[in-house]
Amino acid sequence: MISFIRTKKGFTLIEATVAALLVGIGIVGLMAAFASGLILLESSHNMAVASSDARSVFEEMRRSAGSGLNPVVTKNWTAWAQGNGLTTLTNEQITVAFENPNADPVQATVTVRWSERNRNRQANFVGLVTRR
């Protein structure tokens with residue numbers, strides 16, 4: 001049986017190439033995961049802003065309901081939201097719909113629409129408003 005004894009120390013060209021390839025694949029994978037994380041972070045931030053804007057509309061409805069529900073169901077909530085700086089997301093629009101405006105409590109649906117990465121997003125928030 002013939003045995004080969006290596007007398008030189010170090011890596012062969014093939015070993016170095018395979019190692020560089022594996023490190024490169026790992027780095028590309030980490031970069032892809034980081035990019036996906038940034039996209040999810042932006043989406044989560046936008047949803048939190050939309051939720052906060054809807055909450056502000058509901059809080060104003062609660063304040064306006066002190067004298068009855070008529071001021072709540074007749075108010076232009078889209079204009080109110082724009083006038084109070086709630087439309088900070090890209091192409092953000094806030095609309096309010098009431099299921100039965102004559103009921104007490106009245107069911108209100110606040111819809112927040114915005115654009116995110118060339119896609120239209122929407123979130124609906126439903127709540128009951130009653131006279132204080």
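On C-alpha positions alone, give me the angle between the axis of helix 13-64 and the longest principal axis of the chain, in degrees, nearest 10.
Its long axis makes an angle of about 10 degrees.
Could you give me the ³J(HN,Hα) list for the stretch 111-119, computed from phi with Karplus coefficients 6.51, -1.76, 1.60 and θ = phi - 60°, whole Hz, x at Gly and Pro?
10, 10, 10, 7, 9, 8, 6, 6, 10
To make sure I understand, if each residue's beta carbon is the centre and we count other beta carbons within 10 Å, what order do Met31, Met47, Met61 fall in, fewest to most? Walk me through the numbers on the way to the answer.
Values: Met31 10, Met47 16, Met61 22.
If I rank by nearby Cβ atoms, fewest first, I get Met31, Met47, Met61.
For the stretch 75-90, just list the computed ³J(HN,Hα) in residue order, Karplus coefficients 6.51, -1.76 and 1.60, θ = phi - 60°, integers in Hz, with x standing in for Gly and Pro.
6, 7, 6, 5, 5, 4, 5, 5, x, 9, x, 8, 9, 9, 6, 5
Count the net charge of all other residues whose Cβ sits under 14 Å from the Cβ of Ala97, scoring Lys and Arg as +1 and Asp and Glu as -1.
Details: positive: Lys75, Arg113; negative: Glu99.
With Lys, Arg at +1 and Asp, Glu at -1, the neighbours total +1.
Charges at C-beta only: +1 for Lys and Arg, -1 for Asp and Glu. How large is the resulting dipole of the stretch 1-95 about its Cα centre, in Debye rounded to 20?
440
Is it possible to state the helix-based mean residue ellipticity at 222 nm for the chain, with each DSSP H run of 4+ residues giving -39500 (n - 2.57), the sum divided by total residues, to the nearest 500 deg cm²/dmol? What is it?
Values: 3 runs with 64 residues, N = 132.
Mean residue ellipticity at 222 nm (helix-derived): -17000 deg cm²/dmol.
Rg and Dmax of the chain, Cα atoms, in Å?
28.8, 102
Counting Lys and Arg as +1 and Asp and Glu as -1, what is the net charge of the other residues whose Cβ lies under 15 Å from the Cβ of Arg63?
Working: positive: Arg55, Arg62, Lys75, Arg131, Arg132; negative: Glu59, Glu60.
For residues surrounding Arg63, the net value is +3.
Per residue of the stretch 95-103, what does 6.51 cos²θ - 1.76 cosθ + 1.60 with θ = phi - 60° give for ³J(HN,Hα)? Whole Hz please, x for Gly and Pro, Karplus curve as stated.
Listing the rounded values in order: 10, 10, 10, 10, 5, 9, x, 8, 7 Hz.
If you stretched the chain out fully between Asn102 and Leu21, how much longer would it get, using 0.36 nm times the residue separation minus the C-alpha to C-alpha distance?
22.2 nm
Between the DSSP loop rule and a limit of at most 12 other Cβ atoms within 10 Å, which chymotrypsin sites (Phe, Trp or Tyr not before Pro) in the stretch 1-108 are left?
Here the sparse-neighbourhood loop sites are Phe4, Phe11.
A short reminder: the numbers here are calculations on the coordinates, not readings from a lab. For clarity, every value in this text was computed on a predicted model and none was experimentally measured. Cβ sites come from the backbone with ideal geometry, for glycine too, and all protein chains shown count toward neighbours.
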